[in-house]
Amino acid sequence: MSMLALLLSFAQAAAQAPAPAPTPTPKPVPTGPFVALDVTQGRQALGTLVIALNRQKAPISVDNFLLYVKAGHYDGTVFHRVMPNFMVQGGGYTPELEERPTRPAIKNEARNGLRNSRGTVSMARTSDPNSATSQFFINVRDNHRLDFGIGGAGYAVFGEVVEGMDVADRIAATPTTTRGQHGNAPQTSVVVRRARELKTWTPPPPPKPAADAPPKP
């Protein structure tokens, strides 16, 4: 075989060979600060949501959220608006749906490049982009239509749930009703028993793979 034919053969083989799969880029480990929300419903503990706050991308929102945490504002508040396959919202009302007093509203940081993807935590607001105070919501699905430039001024993402997303899913699945002026309110109050800043947080170990089922006789 001539040198030219040999080179063409190698080239054809290389063209036919499947390209190696790209190595996935590992997701960076959140550095915090971290906040834990202990959640109950009725007399039942639902679990703990751990939120990693992103001060680099949303410094105003993060510092505002931490001020409310340290003041005990969130202790005893409820998730008052629950919409399956969308989001769960809390941070402003007691179980009697009485609104708690808040600090002044903050600037909207939705232009920070963070997307309203599943598991992210964003500031709730009115139609005024700069009206967010204490209320927040957890996206239980990708809600990119809430991002800046897609949903107008957008809703500012300032953190993400890094542990306990199953708790958010259980909240989203709770039966709701209309209570006074509030639609989509849980029939049984879902309460943040306590909100606290964590000094450190260690990622939970990955789930163990399911054991193979024993062969049938």
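Each reported figure results from applying straightforward, stated rules to the coordinates on display, with no laboratory input. Since we're looking at a predicted model, the values are computed, not measured. FYI the Cβ positions are ideal-geometry reconstructions off the backbone, even for glycines, and counts take in every protein chain you see.
Quick notes on this structure:
- Only one residue of Val190, Tyr93, Gln44 has its Cα farthest out toward the positive end of the dipole of region 34-198, where Lys and Arg carry +1 and Asp and Glu -1 on Cβ, and that residue is Tyr93.
- The ellipsoid equivalent to the alpha-carbon distribution of region 120-186 has semi-axes of 21, 18, 11 angstrom, derived from the gyration tensor eigenvalues as √(5λ) and listed largest first.
- Charging the Cβ of each Asp and Glu at -1 and of each Lys and Arg at +1, and nothing else, the dipole of region 34-198 about its Cα centre rounds to 120 debye.
- Near Gly154, once Lys and Arg are set to +1 and Asp and Glu to -1 for all other residues with Cβ below 12 Å from its Cβ, the sum equals +2.
- Residue-wise HN-Hα couplings along region 142-155, as the Karplus relation 6.51 cos²θ - 1.76 cosθ + 1.60 with θ = phi - 60° gives them from phi, are 5, 10, 5, 5, 8, 6, 4, x, 9, x, x, 5, x, 10 Hz; Gly and Pro carry x.
- A Förster radius of 41 Å combined with the Cβ-Cβ distance from Thr202 to Ala173 puts the calculated FRET efficiency at roughly 0.90.
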